1. Name every residue in region 137-152 that is of a type outside the set (S, T, Y) and within 15 Å of the ligand (Cβ to nearest atom), in order of residue number.
2. Quickly run through region 214-239 and pick out the residues that are aliphatic (A, V, I, L, M) and either within 9 Å of the ligand (Cβ to nearest atom) or surrounded by 13 or more Cβ atoms within 10 Å (Cβ to Cβ) (or both).
3. Among the candidates A34, A38, A13, A4, single out the residue that is within 30 Å of A258 (Cα to Cα), surrounded by 15 or more Cβ atoms within 10 Å (Cβ to Cβ), small (G, A, S) and touching a strand residue (DSSP E or B) at 6+ places or on another chain (Cβ under 9 Å).
4. Of all residues being surrounded by fewer than 22 Cβ atoms within 10 Å (Cβ to Cβ) and assigned to a helix (DSSP H, G or I) in region 111-127, which is farthest from the ligand (Cβ to nearest atom)? Just the residue, please.
5. Across region 167-190, what is the number of residues that are within 8 Å of the ligand (Cβ to nearest atom) and surrounded by 22 or more Cβ atoms within 10 Å (Cβ to Cβ)?
6. For region 191-210, enumerate the residues that are among the small types (G, A, S) and more than 8 Å from the ligand (Cβ to nearest atom).
7. Name the residue, out of A241, A260, that is touching a residue at least 24 places away in the same chain (Cβ under 8 Å) and either farther than 21 Å from C144 by Cβ or under 16 Å from the mean Cα position of the chain (by Cα) (or both).
8. Can you give me the number of residues within region 240-284 that are surrounded by fewer than 17 Cβ atoms within 10 Å (Cβ to Cβ) and within 9 Å of the ligand (Cβ to nearest atom)?
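Please treat every number below as a calculation from the coordinates, not as lab data. Given the structure is predicted, the values throughout are model-derived calculations rather than measurements. When we count neighbours, we look across all protein chains shown, and the Cβ atoms used for this are built from the backbone with ideal geometry, even at glycine.
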Amino acid sequence: PTKAGLIDGKKIAEDIRKEIAAEVQQLQKAAGRAPGLAVVLVGARKDSETYVRSKKKACAEVGFESFGTDLAEDVSQEELLRVVAQYNADPKVDGILVQLPLPKHINEQAVLDAISLEKDVDGFHPQNIGSLAMRGRNPTFVSCTPKGCMELLKRSGVQVAGKTAAVVGRSNIVGLPAALLLQNADATVTMVHSRTPNAEEVVRAADIVIAACGKAEMVKGDWIKPGAVVIDVGINAVDDASAKRGYRLVGDVAFAEAAAVASMITPVPGGVGPMTIAMLLQNTLEGYKRRVASR
Ligand code: NDP
């Protein structure tokens, strides 16, 4: 039996997109242009193509101009860096996103480092992560998925300060920045990873759980402290003969079990996923406002 309140990421993301669209309407006349996002796609991975398509669609819906470059799987690193440099120099572009993962022959780090700090709307530049980790520093951009997790907590009225939090996963793009953000919001944070011997125990002590380990339904209901708030970042396809496509999407948390114990929980899909794109738009809008103001 579901006891927990659902954190409706789809609805919250829609609200944010409306707020962004209204702001674009208001700002673009004086600025003389709309915010611009450039998306670079290398190769033809189905999942990456889907993400890029939905990012471009989201841009159009809020009145952004979107720029895109699709490069062949065997593109040279030099050519990819040239495309990034071109967008770095383009005054109509406020944000640049290179869809990951990149093919193996490309040095991903070198490409991410090449994106200008002022246009790094994914927040993956090491200087952005470094600033997030240091007290008294402000990153130019915070990565979209962890930022979306914090926005869900905020808009659901969850108090973070003084609470205990567990983050399952320590990747550069989700787990690590999520833990840093919780800590900046004055939670006491423990990070759990694949070498943590007592993951269950750590998670069970947490008032707030962010699960981002990429393992389908790994976090069980009895790992959750009664009344805890659970944010499930995971997106995993599991075989399901009864589903139309032959698979269904589940999170990193065993939803039904956890929902019986938690006070609030995000569903998968419809939780963190839609927030990631909303935060990408928000970051691009922030970059635009800074660039317009500094002209
Ligand atoms: P990674 O595979 O990069 O990282 C997974 C992390 O989980 C690692 O730190 C790993 O530990 C840890 N981990 C793996 N197995 C275990 C285990 N058994 N116990 C404890 N920790 C474990 O994944 P990402 O961070 O990129 O993504 C995490 C999940 O979030 C995935 O399901 C992904 O699909 C989803 N995702 C969703 C997004 C959204 O928009 N909703 C955006 C991005 C990701 P170690 O470091 O020791 O290897």
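1. Step one: of region 137-152, the residues of a type outside the set (S, T, Y) are 137-139, 141-142, 144, 146-152.
Passing the criteria: V142, C144, P146, K147, G148, C149, M150, E151, L152.
2. Narrowing region 214-239 to residues aliphatic (A, V, I, L, M): 216, 218-219, 224, 228-231, 233, 235, 237-238.
Once the filter is applied, which keeps residues that are aliphatic (A, V, I, L, M) and either within 9 Å of the ligand (Cβ to nearest atom) or surrounded by 13 or more Cβ atoms within 10 Å (Cβ to Cβ) (or both), region 214-239 yields A216, M218, V219, I224, A228, V229, V230, I231, V233, I235, A237.
3. Values: A34 fails: within 30 Å of A258 (Cα to Cα); A38 fails: within 30 Å of A258 (Cα to Cα); A13 fails: touching a strand residue (DSSP E or B) at 6+ places or on another chain (Cβ under 9 Å).
Answer to the selection: A4.
4. Among those that are surrounded by fewer than 22 Cβ atoms within 10 Å (Cβ to Cβ) and assigned to a helix (DSSP H, G or I), it is E118.
5. 4
6. Here is the first cut: in region 191-210, the ones among the small types (G, A, S) are 194, 199, 205-206.
Across region 191-210, the qualifying residues are A205, A206.
7. Numbers: A241 fails: touching a residue at least 24 places away in the same chain (Cβ under 8 Å).
Unique residue meeting the criteria: A260.
8. 1
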